[in-house]
Structures are given as C-alpha cells and as structure tokens.
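Engineer: I have a structure I would like to understand better, so I am pasting it below and will then ask my questions one at a time.
The values are calculated or read from the model by the stated rules, or taken from the named source; none is laboratory data. If you're wondering where the values come from, they're calculated on a predicted model, not measured in any experiment. Note that each Cβ is placed from the backbone with ideal geometry, even for glycine, and that neighbours are counted across all protein chains shown.
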Amino acid sequence: MNHDSYDNAYISGILNSVKTIAIVGASANDVRPSFFVTKYLIDKGFTVFPINPGQAGKDLLGRPVYARLADVPEPIDMVDIFRASSAVLPIVDEALALRPLPKVIWMQLTVRHDEAAAKAEAAGVKVVMNRCPKIEYGRLSGEIGWNGVNSGVISSKKPTMRQGFQSFGIRQK
C-alpha cells in the first residue's frame, strides 16, 4: 500500500470500524498531544486503553493505564502509536502477538516505519502512518471546518446536532 497518501474511504472505514483503541505513549500531562488525543477519542465514544509503563496502575481520564498491550483485558481494534519511529517495530511485534489481532496499527504524525508497516500488513492488519486519528476524524466529519480549516471534503449532508460532544456521522452508535 502507498503510505504517502490515503483515500478518505480508507481512513473513514477504519474510524467507523474500530471501537477499542490502545494508545501507546498516552501521557498524563494535559498539555501533551497524546493526552488530548486520548480525551478526544474517549469523548467521541471509543473505548480507549492508555498504555504507559510509567503510569501503569493509575487512571488517566477515568481509564486504567496499562504497562503493555498484552495487559489490556479485552480485544484491541486499533493500536495508536505515540512514540518515536525508532520504537515502532517492537510495539508492532507486541501487537502482532495479541489474539485476536488488532484490525489497525496507526502511527501518529511524524511517526513512520516502513518495515513495521510491511510486517503488520503481511499479517492482515491495516496500517496508517504519519496521521492523527483526532485530526482525521475532525476533517472527515466536517467538525474541523468550524475553525475555518478546509477539510478537502465536500458534502451536502447537514450535521445532526446532539447533546454533549458532537459526532457527525463518522461514529454510528
């Protein structure tokens, strides 16, 4: 697969199909991007498992923090990697040891590891690199347009306003 660009259908298909997300490198520091991505995904209705060995056993945003992927007590649909590219291969190896396998390995902005991506894809796992699920969700739902950002998505579909945090059709409950 070409990991330099992704079709909107590929990204939205992933965001519509996953329900559980393990965030490797989730931070308890509320000014770190991994913290607000964790919060955003929880607010959008995903079940999020923060993974951080230094915070294991504590709570982050009301969710228990785990030291490693294997400690998560239920199946993980997507592993979101908030670590340096040099740390990706062992994380992907750990994810590929899970049963059932996750559906997706997602590497955050600036994170890319082609060897790890090829390994995951050979095992039947979808891969996204150098993207943020928070940004992609906002872009594809039209939510990012509230800030005057051109999402590159044209739609005549009127957003449905709901109470609480908004969701405009990426996640169907």
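Engineer: Being assigned to a strand (DSSP E or B), of a type in the set (V, I, T) and either touching a Leu at 6+ places or on another chain (Cβ under 6 Å) or surrounded by fewer than 22 Cβ atoms within 10 Å (Cβ to Cβ) (or both) is the filter here; which residues of segment 125-140 pass it?
Structural biologist: Of the residues in segment 125-140, the ones assigned to a strand (DSSP E or B) are 126-128.
In the following step, the residues that additionally are of a type in the set (V, I, T) were identified as 127-128.
If the condition is that a residue be assigned to a strand (DSSP E or B), of a type in the set (V, I, T) and either touching a Leu at 6+ places or on another chain (Cβ under 6 Å) or surrounded by fewer than 22 Cβ atoms within 10 Å (Cβ to Cβ) (or both), then V127 is the only one that fits.
Engineer: Take I14 and decide whether it is in contact with a strand residue (DSSP E or B) (Cβ under 8 Å, 6 or more places away or on another chain), at pLDDT 95 or above, surrounded by 13 or more Cβ atoms within 10 Å (Cβ to Cβ) and assigned to a helix (DSSP H, G or I). Walk me through it before giving the result.
Structural biologist: Working: in contact with a strand residue (DSSP E or B) (Cβ under 8 Å, 6 or more places away or on another chain): yes; at pLDDT 95 or above: yes; surrounded by 13 or more Cβ atoms within 10 Å (Cβ to Cβ): yes; assigned to a helix (DSSP H, G or I): yes.
So I14 fits the description; yes.
Engineer: Any idea which residue in segment 54-72 is farthest from the chain's Cα centre (by Cα), counting only those that are in a loop (DSSP other than H, G, I, E, B) and among the basic types (K, R)? Reasoning before the result, please.
Structural biologist: Looking only at segment 54-72, we keep the residues that are in a loop (DSSP other than H, G, I, E, B), and these are 56-58, 61-62, 65, 67-68, 72.
Next, from what is left, pick out any that are among the basic types (K, R): 58, 68.
On the way: K58: 21, R68: 16 Å.
In this case the residue turns out to be K58.
Engineer: Do we have any residue at all in segment 90-105 that's under 19 Å from D4 (Cα atoms) and touching a His at 6+ places or on another chain (Cβ under 8 Å)? First the steps, then the outcome.
Structural biologist: Here is the first cut: in segment 90-105, the residues under 19 Å from D4 (Cα atoms) are 104-105.
Pick out the ones that are also touching a His at 6+ places or on another chain (Cβ under 8 Å) and you get none.
Among the residues of segment 90-105, not one is under 19 Å from D4 (Cα atoms) and touching a His at 6+ places or on another chain (Cβ under 8 Å), which makes the answer no.
Engineer: Checking Q108 against (1) at pLDDT 95 or above; (2) surrounded by 20 or more Cβ atoms within 10 Å (Cβ to Cβ); (3) out of contact with any Cys (no Cβ under 8 Å at 6 or more places or on another chain): exactly one of these is not met. Which one?
Structural biologist: For Q108, the failing item is (3).
Engineer: Also: Give just the number: which of (1) of a type outside the set (A, V, I, L, M); (2) in contact with a Ser or Thr (Cβ under 8 Å, 6 or more places away or on another chain); (3) free of Cβ contacts under 8 Å to residues at least 40 places away in the same chain; (4) part of a helix (DSSP H, G or I) does K39 not satisfy?
Structural biologist: Result: K39 fails condition (2) only.
Engineer: While we're here: Here are L96, L69: which of them is more than 14 Å from V125 (Cα to Cα) and either in contact (Cβ under 8 Å) with a residue 24 or more places away in the chain or in contact with a Pro (Cβ under 6 Å, 6 or more places away or on another chain) (or both)?
Structural biologist: L69
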